[in-house]
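*Asks:* Structure below; questions to follow.
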Amino acid sequence: MNLESFSTNTPSQENGDHLYHQGMQAAQTGDDQRALSLLQQAMEALPQRGDIAYNYGVLLQQAGRIDDAIATWQRASKHSPQHSVIWTNLALALTLSGQWEKAQETYTQALALHPQCRDLLYHYALFLNKMGNLDQSLATFKTLLDATPQDQAALMNAGKTAKAAGQFSQAVTYYDRAINSGGPHTALAYFNRANLLLLQGQWRNGFTDYEWRLKLSDAPPAPWGLPSFHDSLPRGSRLLLWSDQGLGDALMFLRFAPLLAARGYAVFLFVQTPLKTLLTGSLSVQGVFDPTDAPVPMDAALAIGSLPHILQCDPVTSWQGPYIVAPPIPSSPLPPRGTSQRIGLVWAGNPKHENDRNRSSSLQDIAPLLNQTDTEWFSLQVGSRAEDIAKEGFQNRIVDLSESLTDFAVSAAVIRDLDLIITVDTAIAHLAGAMGKPVWTLLPKMNGDWRWGPAGETTFWYPSMRLYRQKQAGSWAESISEMGKDLHKTKL
């Protein structure tokens, strides 16, 4: 959101206009406090000036005063309804503050005045997507794209919305158009199309497109400045297989490492620190490094997520049995086993994940499971969400292991000694699956990950895993109820 200057025909007073220009100059030099004071005075002198109110609101929001920004833009929308940018910022701020109904009302009022405004249509379509109103979101994107058919950002988000609505062929069409539009986000358009193709099991084309992730603006570079792998690399070459995505991705794609070693390469791993101890000595790997290690001579680097593409293998046949074994640890954080079944729980993933709002649940969501008799519950939840146990009063029902789970080697040792893992879509799901442990994974209805496919209760990635899919976006109630019934009748 940027400061803007736009013309107005409303009358002004010389002093108010002077205060406004002084305030804008102060903002440009980074003197935000002085700018806020001057713009407030200018707005009070010239309440009918939309440009002053707009920029004052921008500074308020940048200062973290979102409620004041909303109030300012609400007044400005009444005095200067002709300025669509005021309406857009107001709707976005209301959404950001969680005032969904007021945001909806604002978009409706704004589009009645500015039915062809690109930014209003674009952000309204995104808003509708977040609200789960996919049909209306697609209709809004269509209105926008009828007017601006080469709008790459709109094409990509229309594709994501069509994908979420299950309209896969329409989604591919939007992604193809986004790629052909020649805009600045072509790599992301390819990557989005890859996720859709992989969701449908189109492995060859999907993994070809998947390589575009390495060209995204936020893609990490290969470690140690190593050159990229190429087919002419001679047998015996030292190859550093590096984790270019999340922890769960590294665990899932690791199954392909032996195929690379079988081609005669000396395979080494470069992974995130929490994985280092767990993966040392695994799967034909001759050494494991993390970002704290000094560079070691290597001939080339290969992103671990590129293995299916490089090997041209069919992931459906990739399972050759459990491939991660929990290493020995000094002492287990688990108490001595009694006669009850022991189940591990994870209810939330990485809050920085772009789909965390959909894929994470709450402890209250899974609380109905705790009514199971003859069951001990252990939390494998880490991070700030581990505090939910104490905050919500479940200390007597769930044993919190978070302080002991210092890395994935410890997590694997705990998983080995549990009977079942119940988790949302996190790295723990991949770890349990790769170990061959029974794991029940809760999947969101909106924007589910490609690797779990569009439907079904099982996955070829992990034969010991059972999938529980949301029936209604945003609600885990039916999935948890189904899981509770299965738990009642299942002998672990």
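*Asks:* For segment 454-466, state whether one or more residues are among the small types (Gly, Ala, Ser) and closer than 16 Å to GLY349 by Cβ. Spell out the reasoning first.
*Replies:* Of all residues in segment 454-466, those among the small types (Gly, Ala, Ser) come to 455-456, 464.
Now restrict to residues that are closer than 16 Å to GLY349 by Cβ: none.
The answer is no; no qualifying residue exists.
*Asks:* Turning to a different aspect of this structure: Among the listed residues LYS445, LYS471, identify the single one that is basic (Lys, Arg), in contact with a Gly (Cβ under 9 Å, 6 or more places away or on another chain) and either in the same structural domain as LEU380 (by TED's automatic domain parsing) or within 24 Å of ALA326 (Cβ to Cβ) (or both). Walk me through how you get there before you give the answer.
*Replies:* Details: LYS471 fails: in contact with a Gly (Cβ under 9 Å, 6 or more places away or on another chain).
The conditions single out LYS445.
*Asks:* Let me ask another. SER318 passes all but one of (1) out of contact with any strand residue (DSSP E or B) (no Cβ under 6 Å at 6 or more places or on another chain); (2) crowded, with 19+ Cβ neighbours inside 10 Å; which number fails?
*Replies:* The failed condition is (2).
*Asks:* With the structure loaded, tell me whether PHE207 is in the same structural domain as ARG263 (by TED's automatic domain parsing) and either surrounded by 12 or more Cβ atoms within 10 Å (Cβ to Cβ) or at pLDDT below 95 (or both) or whether it fails that test. Explain how you work it out, then say what you get.
*Replies:* Numbers: in the same structural domain as ARG263 (by TED's automatic domain parsing): no; either surrounded by 12 or more Cβ atoms within 10 Å (Cβ to Cβ) or at pLDDT below 95 (or both): yes.
No; evaluated as a whole, the condition is false for this residue.
*Asks:* If I filter segment 303-323 for residues that are touching a helix residue (DSSP H, G or I) at 6+ places or on another chain (Cβ under 8 Å) and either assigned to a strand (DSSP E or B) or under 15 Å from THR426 (Cβ atoms) (or both), do I get at least one hit?
*Replies:* yes
*Asks:* Listed residues GLY159, GLY166; which is within 20 Å of ASN355 (Cβ to Cβ), assigned to a loop (DSSP other than H, G, I, E, B) and either basic (Lys, Arg) or not assigned by TED's automatic domain parsing to the domain that holds GLN245 (or both)? I'd like the intermediate steps shown before the answer.
*Replies:* Working: GLY159 fails: assigned to a loop (DSSP other than H, G, I, E, B).
None of the other options fit; the residue is GLY166.
*Asks:* Now for a separate question. Scanning segment 21-43 for residues that are closer than 24 Å to SER97 by Cβ, surrounded by fewer than 22 Cβ atoms within 10 Å (Cβ to Cβ) and not small (Gly, Ala, Ser), which turns out modelled with the lowest pLDDT?
*Replies:* Of everything passing the filter in segment 21-43, ASP32 is modelled with the lowest pLDDT.
The values are calculated or read from the model by the stated rules, or taken from the named source; none is laboratory data. What you see is a predicted model; the values in this text were computed from it and never measured. Virtual Cβ from ideal backbone geometry, glycine too; neighbours counted across all protein chains shown.
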